[in-house]
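Single-structure report; data block below.
Each reported figure results from applying straightforward, stated rules to the coordinates on display, with no laboratory input. From a predicted model like this one, the values you see are computed outputs, not experimental measurements. Ideal geometry is used to build each Cβ from the backbone, glycine not excepted, and the neighbour counts take in all protein chains shown.
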């Protein structure tokens, strides 16, 4: 189930609020280059985010890091950056 969720998360990153306004421009540019350009672009994004997620998860597991601690630390860092 985890690989499926990771793949879905990678696919959904295309729809994030910071990327969404750029999607028509990027897809239009990819479509001008080749008929399957938008498909290749989407597949590349999905694969790259999925592989990155797997690598980071595997490295964390190999190092024995507790996922709850990493999650809380990430939330704290995001909150501090948001406050800045």
**Report entry** Pairwise FRET efficiency - residue 7 versus residue 79, Cβ, R0 = 30 Å, nearest 0.05
**Finding:** 0.60
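Only Cα pairs under 8 Å and at least 6 apart count here; give the relative contact order of the chain as a rounded whole percent. The partial results should precede the final answer.
Working: 32 pairs, mean separation 26.0, N = 84.
Relative CO of the chain lands at 31 percent.
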Requested in this report: Would you mind checking the tilt of helix 23-33 against the longest principal axis of the Cα atoms of the chain, expressed as 0 to 90 degrees and rounded to 10?
Outcome: 50 degrees
Requested in this report: Take the Cα atoms of the stretch 1-72, build their convex hull, and give its volume per residue in Å³.
Outcome: 96 Å³
**Report entry** residue 26 versus residue 69: modelled label distance in nm, points set 7 Å from Cα along the beta carbon direction
**Finding:** 3.5 nm
Report task. Quote to one decimal, in nm, the extra length available between residue 14 and residue 33 on full extension: 0.36 nm per residue of separation minus the C-alpha distance between them. Result -> 4.9 nm
Requested in this report: Working from Cα positions, state the angle (0 to 90°, nearest 10) between the long axis of helix 37-63 and the longest principal axis of the chain.
Outcome: 10 degrees
